[in-house]
Amino acid sequence: MIRSRLFSLILGVSLPLGLPIAAQAQANFEPTERDFPAQYVTKLYSELLGRAPDQASWRGALNYYNSTGCTTAALHALGKAFLTSPEFNGLNYDRPARILVTYRAVLNRDPSRLEIDAWENWLAQGNTFNNLIDGIYASTEFGALSTQICNSQQPGYQFGNTRATKLDIASPGFAGDATALQAQLDQTPTGGTVYLASRALIYLTQPLRVPSGVTLATTNTPRPNEYANMARLARSGEWIGPTVDLLPGAKLVSVWVDGQRGTIPNRYSRPNVNIRMLSGDNTSVIFSRVSNTRGATSIEAFGTGADRICRQNIIWGNLVTAYTSSHTNGEWSDGISVACENATIAYNTVIDSTDVALILFNVNPIDSEINQTSQVFRNTVIQAGNSGYAGIAIDPFFNANGGDKPGIPRFSFAGASLHENLMWTGQQVHLDIAIAAGTRPWFGALSYNGTGGIFRENTSGNLSITAGSGIVASGLLNTQIIDNDLKLRLQERETKSRSFFNRVIGLFQRQPENNCPSRNIIAAIDAGYASGEIQGPYENRTYDDCIVFGQ
């Protein structure tokens, strides 16, 4: 945690050293005026500390800006509090790594190697890191950026377009180029591990394939809070397809996979996901940093529909950021997308995804008897500067030729559970739906029906969610939706359709007036598209084609 220095700055009180922020604040979580610069505050956590914000200090930081105004001086003060905090100083970072993460948090880009070397030489002359912090905040570049950060009408300010920067390696391990790495992976026997050198930078010009049963890891396996010590796989080409493919049984541990969206050239295509898990037993992505995907999701887990049985796949403890994703032009991205029928998705952080942060799909469009039983729990979802379509969802998918009739289930989610996940948004951004049990709001009459699945004890904690609607059950039968605690700021959405055909060709169709109202909970029970145990009170009505394209 950032300790007393930051909290004293935010609340103007003196606090005993060593007491975590989360234990020090209990009230005044909601803003009284505005809720920016939420993405800047969130980037201080993700880029400096490699983690999600704790709610108390995130809220406290935004309340601080409510009292001071969003000015260059106020941005400087908060950023310096992070950069001089015991938590930041306790990270195992040398000067080049500290410069890298400072640039990413403050100037919203990677530094060039020339800039790192220049600051290194300057520090070697007796200047302090505090002087460096002040110099970066005093720069003309930050002065210009602060105007974007403090723009309440455009809460997201993306990420810079500089390429990934090479640091000197900091451990033994592989540090060659992508061709040599692929060759070494291909020569590694099942059960073996290829260790990458800490801070190795490997530019990829085609997909990197980790063979079945092989682990690719950074030496000493740093956690996301020290992501700058990870080896970094940076996309550097215009191929169509994933950045990293994990063949059945492969593992990725403590590796930074960077899609480099925002750099030039910058071609979005739905298949250009950061990590694709190709089913199998124990295929895993663990304690990794996953940033700026150029595709439809950051992490994609295939299931039996890919002609492989999927068992005990693991997506655990990763930091996923999608600051460069778009919510407005059809180039949106999920956070973690799972079709594997037996996966554990837990303790991940997903920030600023623009489609659905955490989503379970039907497993096999050919064999509907296979249950989706994956467990999604104790993840954190934050919308700070980008809006999204949903926070968590079960998606039975659709058929362009027509979907299922009322009351007739096709794909089973019996045994699947999304529980104890934490999610919140800033005021200037939204989720169309916080929890989506079925996807008729997306695909309407083209939707398949699912059956089963549990949503329980998901919460916004002490913060809140700006949403079109809170929970919508439409397209999922025999489900259990219980004990979810969402503090909602409902926001009436303009009633335009994002049905399948309109989604593809980018056209709008106006819905009948009041067909898509904003409600805490909606369940399409009488229409035959929802049933089971659903917490109330809810409005019993349809909610077809209510996801708003590009808004």
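The values are calculated or read from the model by the stated rules, or taken from the named source; none is laboratory data. Note that the structure is predicted; figures quoted are calculated from it, not measured. Note that each Cβ is placed from the backbone with ideal geometry, even for glycine, and that neighbours are counted across all protein chains shown.
So, of the residues in region 279-305 that are more than 23 Å from Met230 (Cα to Cα) and surrounded by fewer than 23 Cβ atoms within 10 Å (Cβ to Cβ), which turns out to be nearest to the chain's Cα centre (by Cα)?
Among those residues, the one meeting the criterion is Ala296.
Please tell me if Phe142 is within 27 Å of the chain's Cα centre (by Cα) and surrounded by 14 or more Cβ atoms within 10 Å (Cβ to Cβ).
Taking the combined requirement at face value, the residue satisfies it.
Residue-wise test of (1) within 25 Å of Asp110 (Cβ to Cβ); (2) surrounded by 18 or more Cβ atoms within 10 Å (Cβ to Cβ).
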residue	(1), (2)
Asp168	yes, no
Gly173	yes, yes
Thr179	yes, no
Thr190	no, no
Thr193	no, no
Ile202	yes, yes
Leu208	yes, yes
Pro211	no, yes
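For region 120-143, how many residues meet the condition of being free of Cβ contacts under 8 Å to residues at least 60 places away in the same chain and closer than 12 Å to Thr102 by Cα?
Of the residues in region 120-143, 7 are free of Cβ contacts under 8 Å to residues at least 60 places away in the same chain and closer than 12 Å to Thr102 by Cα.
Is it the case that some residue within region 365-374 is in a strand (DSSP E or B), touching a Ser or Thr at 6+ places or on another chain (Cβ under 8 Å) and crowded, with 23+ Cβ neighbours inside 10 Å?
no
Quickly run through region 454-466 and pick out the residues that are closer than 28 Å to Asn399 by Cβ and buried (at least 23 other Cβ atoms within 10 Å of the Cβ).
Phe455
Given the structure, is Leu358 closer than 20 Å to Ile382 by Cβ and either buried (at least 24 other Cβ atoms within 10 Å of the Cβ) or not charged (D, E, K, R) (or both)?
Against the criterion (closer than 20 Å to Ile382 by Cβ and either buried (at least 24 other Cβ atoms within 10 Å of the Cβ) or not charged (D, E, K, R) (or both)), Leu358 qualifies.
Need the failing condition index for Asp352 against (1) of a type in the set (Asp, Glu); (2) at pLDDT 95 or above; (3) over 18 Å from the mean Cα position of the chain (by Cα), just the number.
It is condition (3) that Asp352 fails.
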